[in-house]
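Everything below concerns the one structure shown next.
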Amino acid sequence: MGGALKDHCPNIEFAVPEGGYFIWCRLPRGIAARELLREAFRERVSFLTGELFYPDGRGQEEIRLTFTHQPPATITEGIRRLGQALRRLKRNRVEKAEEALLKPIV
């Protein structure tokens, strides 16, 4: 999963764990996990948002990915799809920002 994240999601920060079943990731600044989750559903991939694990509301730009119970090829494909969702979300944000700049001020 770590290799796939490096290949398909280079803007996501993560550390490869020494043990366990999950990789915690920090999304690029300004990308909310809930927004990415909506886009990821379109790619038929899901994850848990970080805020589910914090009682104080933190974790909104974090996600938890599980790497158990799936073969490496399936994990790689899931991460590829996650990368597509992330790129689409960023592209949509840029397009909306450009539209806002082009609107005439009344």
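Before moving on, here are some points about what is shown:
- Count of region 30-55 residues, restricted to those that are assigned to a helix (DSSP H, G or I) and touching a residue at least 40 places away in the same chain (Cβ under 8 Å), is 5.
- Pick from region 28-46, criterion in contact with a strand residue (DSSP E or B) (Cβ under 8 Å, 6 or more places away or on another chain) and open to solvent by less than 90 Å² (accessible area, probe 1.4 Å), ranking: nearest to Leu86 (Cα to Cα): Leu36
- Subset tally (residues that are of a type in the set (Gly, Ala, Ser) and within 15 Å of the chain's Cα centre (by Cα)) for region 81-98: 2
- Looking across region 74-104 at every residue that is without any contact (Cβ under 8 Å) to a residue 12 or more places away in the chain and under 20 Å from Trp24 (Cα atoms), the one that is surrounded by the most Cβ atoms within 10 Å (Cβ to Cβ) is identified as Glu77.
- Here is the figure for region 64-106: residues that are assigned to a helix (DSSP H, G or I), of a type outside the set (A, V, I, L, M, F, W, C) and at pLDDT below 85 total 5.
- Some residue of region 47-70 being under 16 Å from Met1 (Cβ atoms), among the small types (Gly, Ala, Ser), out of contact with any His (no Cβ under 9 Å at 6 or more places or on another chain) and surrounded by 15 or more Cβ atoms within 10 Å (Cβ to Cβ): no
- Scan of region 11-27 for residues that are out of contact with any strand residue (DSSP E or B) (no Cβ under 9 Å at 6 or more places or on another chain) and surrounded by 11 or more Cβ atoms within 10 Å (Cβ to Cβ), ordered by number: Asn11
The values are calculated or read from the model by the stated rules, or taken from the named source; none is laboratory data. All figures in this text were calculated on a predicted structure; none of them were measured in a lab. For neighbour counting, all protein chains shown are included, and Cβ atoms are generated from backbone atoms with ideal geometry for every residue, glycine included. To get the accessible areas, we keep the full protein, side chains included, count just its heavy atoms, and leave off ligands, DNA and RNA. Shrake-Rupley method; radii C 1.70, N 1.55, O 1.52, S 1.80 Å.
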